[in-house]
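Asks: Before I ask anything, here is the structure I am working with.
The values are calculated or read from the model by the stated rules, or taken from the named source; none is laboratory data. On a predicted model such as this, the values are computed, not experimentally measured, just so you know. Cβ sites come from the backbone with ideal geometry, for glycine too, and all protein chains shown count toward neighbours.
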Amino acid sequence: MTKLVRIASIYPTLLGTYGDGGNVAALRHIAALHGIGVDVHEISPGMDVPRDADIYVLGGGEDTAQVAAANALRASGALKDAVSNGAAVLAICAGYQILGHTFPDASSEASPGLGLIDIYTDRLPTRAVGELLAESTQVAGELTGYENHGGATHLGSGVQPLARVSVGVGNGDGTEGAVSGRVIGTYLHGPALVRNPALAEKLLGWAIDEQLTPIEEAEVLALREERIRLARSSSAKTPR
């Protein structure tokens, strides 16, 4: 019998910058490679957030949209309940920031997040824009993506970094992203799961309680190699 994974795409019209909606498409594609069925629900603002999905996906967004999404999700409580029941979460950039205790709004005032993981975000001295390359502590190999954010994210106790930065800024302290239980937050756009299918396999493995054997696709490997090469090249050309 084909295993079925329920995926909830949370507020893609609010949280969907830089092609982050492609993360759901990547999950669908990689699940098919592993013989896993998926049932995707796109949750628009005003709709009830399901409490019984296996994977929740949040993308990036502008300041106003970020605050609106955080307020709606906090009022709902559904995502917090789902995480308590073992659901997996992938949250990108603004979506990553709202998982924590506070994040800066458009006026740089601290706005309340969801408190799902022990992090908080304030402002970087200078906005981080460009290719981001980091050595993962959670999956094999390097993670590649594009970052565009002004947030410095600070990890609390019980939260591990997703990766250690080689090129770029990430959290602002040499680390990139965060992992707490089955929750992954990251500044990687790209989309993240297209560039880094090992992360998709991690999430799907959590959803079915199995460790998936990686399936490599030649086109994806070629894209990864090119992006990694470009990131290293751009870093070498940057004045220090």
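Asks: Mind checking which residues of the stretch 171-208 are of a type in the set (F, W, Y) and closer than 24 Å to H34 by Cβ?
Replies: At the first step, the residues of the stretch 171-208 found to be of a type in the set (F, W, Y) are 187, 206.
Of everything in the stretch 171-208, just one residue is of a type in the set (F, W, Y) and closer than 24 Å to H34 by Cβ, namely W206.
Asks: Next question. Quick one: how many residues across the stretch 120-135 are touching a residue at least 24 places away in the same chain (Cβ under 8 Å), exposed (fewer than 15 other Cβ atoms within 10 Å of the Cβ) and farther than 12 Å from G170 by Cβ?
Replies: Summing the residues that are touching a residue at least 24 places away in the same chain (Cβ under 8 Å), exposed (fewer than 15 other Cβ atoms within 10 Å of the Cβ) and farther than 12 Å from G170 by Cβ in the stretch 120-135 gives 1.
Asks: Conditions first: (1) in contact with a strand residue (DSSP E or B) (Cβ under 9 Å, 6 or more places away or on another chain); (2) more than 20 Å from G16 (Cβ to Cβ); (3) not in a strand (DSSP E or B). V67 passes all but one, so which condition is the exception?
Replies: For V67, the failing item is (2).
Asks: Now for a different question. Identify, by number, the condition in (1) surrounded by fewer than 24 Cβ atoms within 10 Å (Cβ to Cβ); (2) within 14 Å of G16 (Cα to Cα); (3) of a type outside the set (D, E) that A78 doesn't meet.
Replies: Unmet condition: (2).
Asks: Related question: Among (1) surrounded by fewer than 24 Cβ atoms within 10 Å (Cβ to Cβ); (2) of a type in the set (G, A, S); (3) outside any helix (DSSP H, G or I), which single condition is G60 missing?
Replies: Going through (1) surrounded by fewer than 24 Cβ atoms within 10 Å (Cβ to Cβ); (2) of a type in the set (G, A, S); (3) outside any helix (DSSP H, G or I) one by one, G60 breaks only (1).
Asks: Okay, next question. When the stretch 49-102 is examined, which residues are found to be in contact (Cβ under 8 Å) with a residue 40 or more places away in the chain, β-branched (V, I, T), closer than 20 Å to G151 by Cα and out of contact with any helix residue (DSSP H, G or I) (no Cβ under 7 Å at 6 or more places or on another chain)?
Replies: Across the stretch 49-102, the qualifying residues are T64, V67.
Asks: Moving on. Please tell me if R74 is among the charged types (D, E, K, R), more than 21 Å from Y187 (Cα to Cα), part of a helix (DSSP H, G or I) and modelled with pLDDT of 95 or more. Spell out how you get there, then give the answer.
Replies: Numbers: among the charged types (D, E, K, R): yes; more than 21 Å from Y187 (Cα to Cα): yes; part of a helix (DSSP H, G or I): yes; modelled with pLDDT of 95 or more: yes.
Yes; evaluated as a whole, the condition is true for this residue.
Asks: Among (1) over 14 Å from the mean Cα position of the chain (by Cα); (2) under 25 Å from A87 (Cα atoms), there is one condition A152 misses while meeting the rest; what is its number?
Replies: (2)
Asks: Output the number of residues of the stretch 1-38 satisfying the condition of being under 18 Å from G190 (Cβ atoms), in a helix (DSSP H, G or I) and not small (G, A, S).
Replies: Going through the stretch 1-38, the residues under 18 Å from G190 (Cβ atoms) turn out to be 9, 12, 15-30.
Subset that is in a helix (DSSP H, G or I): 17-19, 22-30.
Checking which are not small (G, A, S) leaves us with 17-18, 23-24, 27-30.
Here the count works out to 8.
Asks: Name the residue, out of V167, V179, V194, that is within 20 Å of I7 (Cβ to Cβ) and in contact with a Leu (Cβ under 7 Å, 6 or more places away or on another chain). First the steps, then the outcome.
Replies: Values: V167 fails: within 20 Å of I7 (Cβ to Cβ); V194 fails: in contact with a Leu (Cβ under 7 Å, 6 or more places away or on another chain).
Just a single option satisfies the conditions, and that option is V179.
Asks: Moving to a separate point now. What tally of residues in the stretch 104-119 results from selecting those that are crowded, with 19+ Cβ neighbours inside 10 Å and either outside any strand (DSSP E or B) or in contact with an Asp or Glu (Cβ under 8 Å, 6 or more places away or on another chain) (or both)? Spell out how you get there, then give the answer.
Replies: Taking the stretch 104-119 and keeping what is crowded, with 19+ Cβ neighbours inside 10 Å, we get 104, 111, 113-114, 116-117, 119.
Then keep just the ones that are either outside any strand (DSSP E or B) or in contact with an Asp or Glu (Cβ under 8 Å, 6 or more places away or on another chain) (or both); that gives 104, 111, 113-114, 116-117.
Qualifying residue count for the region: 6.
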